[in-house]
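Quick note: the coordinates plus some simple rules give every number you see, no bench work behind them. Since this is a predicted model, take the numbers as computed values, not measurements. Cβ placement follows ideal geometry from the backbone for every residue including glycine, while neighbour counts extend to all protein chains displayed.
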């Protein structure tokens, strides 16, 4: 199997290791940007992948989307140090404010909060969905010059019911992730 491919997911509840094809490596980061940063950095140094694929769950901001979506752009939704820098930009940093995937069309906003209410800024930035790890994974991959892809399964509407909806659907994308992984491996 392709030993230079690395799957990164936040939780085993999202993607069970036992369901992966033989030889596919996976790292679970835990929830949030700090956990995702540390785990991604360690995995890259230990496993030396040439490509990273993130599978995970997300809440939708765009009411027209559903199912499994491929992310094209990720931004940081919770960095807010105004007036030192506009929301989404880390002040005094030369790091990008967005990261582009090797493919995909949807915009993901990553932050260390569970979105459960309307946020005008997300709509202004044309964010389609929100998660809690992808920006960190993409930043670490970018730092190491490794291409990444991300596929997010919509579990909730990022509203007051989001927590309960996510808990009830956290594993609903599992079979879709496995199908997508087989598709990717066939073209790899």
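Each part gets one Cα centre, and for the stretch 1-52 versus the stretch 136-188 those centres are 12 Å apart. Of the Cα atoms belonging to the stretch 141-188, the radius of gyration and Dmax stand at 14.5, 40 Å.
Computed per residue of the chain from DSSP H runs no shorter than four, each worth -39500 (n - 2.57), the mean residue ellipticity at 222 nm is -8000 deg cm²/dmol. Taking a point 7 Å out from the Cα of residue 185 in the direction of its Cβ, the residues of the stretch 44-68 whose backbone N falls within less than 20 Å of it are 47-56.
Based on C-alpha pairs under 8 angstrom that are at least 6 apart in sequence, the chain has a relative contact order of 28 percent. DSSP bridge analysis restricted to the stretch 5-187 gives an antiparallel fraction near 25%, rounded to the nearest 5. Using the beta-carbon distance between residue 90 and residue 13 and R0 = 30 Å, what value does 1/(1 + (r/R0)^6) give for FRET efficiency, to the nearest 0.05? According to the calculation, E is roughly 0.50.
Computed over the Cα atoms of the stretch 5-187, the ratio of the radius of gyration to the Kirkwood radius (Rg/Rh) comes to 0.95. Taking a point 7 angstrom from the Cα of residue 70 along the C-beta vector, which residues in the stretch 1-31 have backbone N less than 17 Å away? Backbone N within reach: 6-8.
Averaging over all projection directions, the Cα-based convex hull of the stretch 99-149 occupies 3.7 nm² in the image plane.
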